[in-house]
1. Exactly one condition in (1) closer than 30 Å to I106 by Cβ; (2) modelled with pLDDT under 90; (3) surrounded by fewer than 17 Cβ atoms within 10 Å (Cβ to Cβ); (4) of a type in the set (A, V, I, L, M, F, W, C) is not met by I427; state its number.
2. Show the residue pairs that are 6+ apart or on different chains and have beta-carbon atoms under 6 Å apart, the first residue being within region 126-151 and without any contact (Cβ under 8 Å) to a residue 24 or more places away in the chain, the second being surrounded by fewer than 19 Cβ atoms within 10 Å (Cβ to Cβ).
3. Quick check: anything in region 380-388 part of a helix (DSSP H, G or I), closer than 28 Å to A199 by Cα and aromatic (F, W, Y)?
4. Kindly indicate the residue of region 141-192 that is assigned to a helix (DSSP H, G or I) and of a type in the set (G, A, S) and also nearest to I299 (Cα to Cα) among those meeting that condition.
5. Please specify each residue of region 105-125 satisfying the condition of being assigned to a helix (DSSP H, G or I) and either in contact (Cβ under 8 Å) with a residue 60 or more places away in the chain or basic (K, R) (or both).
6. Go through region 358-392 and give me each residue that's closer than 17 Å to A59 by Cα and acidic (D, E).
7. From the set of residues in region 106-135 that are charged (D, E, K, R) and farther than 21 Å from L33 by Cα, which is nearest to the chain's Cα centre (by Cα)?
8. Condition (residue is farther than 23 Å from I293 by Cβ and either buried (at least 24 other Cβ atoms within 10 Å of the Cβ) or in contact with a Gly (Cβ under 6 Å, 6 or more places away or on another chain) (or both)) applied to region 114-124: is it met by at least one residue?
Amino acid sequence: MSENTPADARRFGLPTATALVVGSVIGTGVFALPSALAAYGPISLVAFIFVTIGAVALALTFGALSKRIPGSGGPYLYARDAFGEFAGFLNAWTYWITAWAGNAAIVVALVGYVEVFWNTEHKTLWSILIAIAGLWIPALINLSGIRNMAITQIVTTVLKFIPLLFMATVGLLFIKADNFGAFNASGTSTAGAISAASAIALFSYLGIETASVAAGRVRNPAKNVARATIFGTLGCAVVYILGTLTVFGTVSNAALQKSTAPFTDSANAIFGGQWAGDAVAIAAIISGLGCLIGWTLIIGEMPMAAAKDRLFPEPFGRTHRGIPVFGIISSTVLASVLTVISYTQFDKVFTTLVLLSVFTAVVPYLFSTAAQLYWLLTCGRVEAWPRLVRDCGVSALALVFSFWSLAGSGYQAVYYGVFCLMLGIPIYMWLKIGRDEYGETLTIPVGFTQEATQDRPVSPVQAGPPAVDVTL
């Protein structure tokens, strides 16, 4: 199919796919992250490096998976292909929770930068109203069409990347050692501080898989999804680590822990006055809106892919001009409710939502990396041994990293995350009842007759996937 066909008119190429990754990864979270990490001290920079290595391993794994299994759905598709319908449903369910809960976290950070200019006294009611507006503007942009979403995503990505890159380069020249404070300010062990800080830092990389989730919207997904995932992750990694280092070195640790707009405080410390900080605050607002636009696309795409396979409630599969309207609206309503609850019930709103989103995101990461490793150890043995060892090593690293992130998310996040995960079981049961099914559809193995298998259970058998290039 040529790139000029009507079907491709609703698709986007490598630049937009990369902007989707960068735009979804770099939101207001990175602008608020230094404050959340300040409680651990500079040791959190070590955690950031470890998280970056793990994130790159995940990006390579998602790139390989997208070559082998193209199409919208990402982690949902990968888990279903390797482990069956129930695993696919759990991934779609938890990732969907990640998307709208993550949007609530992003918009909380966005509010902090809006309040640099307005509602400077941080009155709760006005903070909630700003947050609600921040959630519904991106929803309306997505509902207006893919073209509008793509244009807005590219523009906001460029506008936010430039000031971050500036802070990550020129800002390094203004670092003062006294601002860093105690290396480990958490009061816990080194391993405990790194693990806990890593769980928070991982939130800043959530979204590296978004190109694979929206692969059905991408032209030539077998190539462009993998490239967008890897290029976007590496670009974000450079800006993240150096930008956080700049903030740590230009704002005192005590001030940083209380800050709601750390990059603004850092810019003011570097240049003096308010103009620099105001400029960074504007960039953070643009960044947050761009990120929410990308994630709002995802909260419609993931459940839509599962709904088409009858593994998610049917309304999520309905579209209008190719847009999953019900998925976007219902998910934005849930994000709005969670935001209101967070402002009225939680003391540390951003950190609480971050850790919940990390837990629900790590579950699909675990299944996806396990699916790739499982495939390599069974169907992927046709590869040359050096390449197979390398690919297995990368996938195993991504799997270990996912477990590590799960452990570091904390007891509270695990409690709420597991509760949200288990809520999906009645939904799955209801879907199976609606399909008049019990268990999996059985396939009789070659060489057996219906009579021979009538009185004994038969495991589902899948034909091996075709030989394709799935190198990392």
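1. Among (1) closer than 30 Å to I106 by Cβ; (2) modelled with pLDDT under 90; (3) surrounded by fewer than 17 Cβ atoms within 10 Å (Cβ to Cβ); (4) of a type in the set (A, V, I, L, M, F, W, C), the lone unmet condition for I427 is (2).
2. Pairs that qualify, where the first residue is without any contact (Cβ under 8 Å) to a residue 24 or more places away in the chain and the partner is surrounded by fewer than 19 Cβ atoms within 10 Å (Cβ to Cβ), are W126/N119.
3. no
4. That would be A150.
5. Within region 105-125, A105, I106, V107, V108, A109, L110, G112, Y113, V114, T124 qualify.
6. Within region 358-392, D391 is the sole residue that qualifies.
7. Ranking the candidates gives K123 first.
8. no
The values are calculated or read from the model by the stated rules, or taken from the named source; none is laboratory data. Computed from a predicted model, the values in this text were never measured in an experiment. Quick reminder, even Gly has a Cβ in these numbers, built from the backbone with ideal geometry, and neighbours come from all protein chains shown.
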